[in-house]
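Q: Below is the structure I would like to discuss, written out as structure tokens.
The values are calculated or read from the model by the stated rules, or taken from the named source; none is laboratory data. Remember, it's a predicted structure, so these values are computed and weren't measured experimentally. As a convention, Cβ positions derive from the backbone with ideal geometry for all residues, glycine included, and neighbour counts pool all protein chains shown. For the accessible areas, the whole protein counts, side chains as well, though only heavy atoms, and no ligand, DNA or RNA atoms are used. Shrake-Rupley method; radii C 1.70, N 1.55, O 1.52, S 1.80 Å.
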Amino acid sequence: MRFIEPHAHMVSRVTDDYERMAVAGCEAVCEPAFWAGFDRSSAAGFFDYFCQLTGHEPKRAAKFGLKHFCWLCINPKEAEDVKLAEEVIALIPQFLDRTNVLGIGEIGLNKNSRNELKVLEMHVDLAARYNQLILVHTPHLEDKLKGTRLILDVLKGDKRIRPGRVIIDHVEEHTVAMVLDAGCWAGMTLYPETKCSPARAIDILENYGQERIWLNSACDWGVSDPLAVPKTAVEMKKRGHNSAMIDKVIYQNPRKFLGQCPKFKIG
Ligand SMILES: [Zn+2]
């Protein structure tokens, strides 16, 4: 088996996780910028985090034969403070030339507030100005449907954005169709407790097809599993899906989307 982990917060994980992922067939891991589990007190905290994502973490992954890529932004959970967001967004362009940076993410919404929307629009503008791919986080539970609609409206409202260069992550049964219909890619997050279970993700694949869709573990500092993608592949096999279909979902699809960034080279 070979797979790409397109959404993992490896700064929160131990080296054993890198080793287990490599043994399971992982060929590349991609790390969106995320909430640290606590609010950072200044833009300087983000500067250091961006240095970690673009400098230290790729070296740590390389020790296990893994390529490491990342995405940069201020995440929606810290986007309520618009002034801080402006300061952080101003830091990003100096990092965009780093060899492992794929684009702007994970941006999006958390509580669907007015300030979050403003910061989302600022990020979309940044991505458009620098011709960057976009990775979007959608809110949890009862906020997801409304949040996904609001996000799609922002993306459609900026004519510079091509939907095929946007992945909208954490889709579920009630949001996957609207994301695919908008021409965007859809990501399904496999969590042991919330978000998608492997069984639900496979149901969605069976109902909506395997085009423009990928799986990720989004493993972070909380309860999560860096092997969720290969474990779901095993479940797909048990349901009778052939190896070509499995390879498409866990390897070819993320490779196709991420390959739109010339820096994404693997194999
Ligand atoms: Zn994430």
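Q: Which of the residues belonging to region 199-215 are of a type in the set (A, V, I, L, M) and under 12 Å from THR232 (Cα atoms)?
A: Within region 199-215, ALA199, ALA201, ILE202, LEU205, LEU215 meet the criteria.
Q: What number of residues in region 112-135 are open to solvent by 10 Å² or more (accessible area, probe 1.4 Å) and either closer than 25 Å to PHE264 by Cβ or of a type outside the set (Asp, Glu) (or both)?
A: Summing the residues that are open to solvent by 10 Å² or more (accessible area, probe 1.4 Å) and either closer than 25 Å to PHE264 by Cβ or of a type outside the set (Asp, Glu) (or both) in region 112-135 gives 13.
Q: Pairs under 6 Å by beta carbon, first residue farther than 21 Å from ILE134 by Cα and assigned to a loop (DSSP other than H, G, I, E, B) in region 27-40, partner open to solvent by 30 Å² or more (accessible area, probe 1.4 Å) and more than 9 Å from the ligand (Cβ to nearest atom), six or more apart or different chains?
A: As it stands, the answer is GLY37/TRP221, since those pairs meet every condition given.
Q: I would also like to ask the following. Could you please let me know if GLU86 is crowded, with 16+ Cβ neighbours inside 10 Å, among the acidic types (Asp, Glu) and more than 23 Å from PHE69 (Cα to Cα)?
A: Taking the combined requirement at face value, the residue does not satisfy it.
Q: Separate question: Considering only residues that are charged (D, E, K, R) and away from the ligand (no atom under 16 Å from the Cβ), look in region 155-178 and name the one that is most open to solvent (accessible area, probe 1.4 Å).
A: LYS159
Q: Moving on. I want to confirm something. Restricting to region 179-190 and keeping residues that are more than 16 Å from ILE250 (Cβ to Cβ) and open to solvent by less than 30 Å² (accessible area, probe 1.4 Å), which single residue is farthest from the ligand (Cβ to nearest atom)?
A: Going through the qualifying residues, I end up with GLY183.
Q: Looking only at residues that are under 15 Å from GLY147 (Cα atoms) and buried (at least 17 other Cβ atoms within 10 Å of the Cβ) in region 89-111, which one is nearest to the chain's Cα centre (by Cα)?
A: Within region 89-111, the match that is nearest to the chain's Cα centre (by Cα) is GLU106.
Q: Out of all the residues in region 198-210, which are surrounded by fewer than 23 Cβ atoms within 10 Å (Cβ to Cβ) and either under 17 Å from the mean Cα position of the chain (by Cα) or within 13 Å of the ligand (Cβ to nearest atom) (or both)?
A: Correct list: empty.
Q: For region 117-137, does any single residue satisfy the condition of being within 16 Å of the ligand (Cβ to nearest atom) and hydroxyl-bearing (Ser, Thr, Tyr)?
A: Looking through region 117-137, none of the residues is within 16 Å of the ligand (Cβ to nearest atom) and hydroxyl-bearing (Ser, Thr, Tyr).
Q: Of all residues in region 12-66 being of a type in the set (Asp, Glu) and open to solvent by less than 30 Å² (accessible area, probe 1.4 Å), which is nearest to HIS137 (Cα to Cα)?
A: My answer is GLU31.
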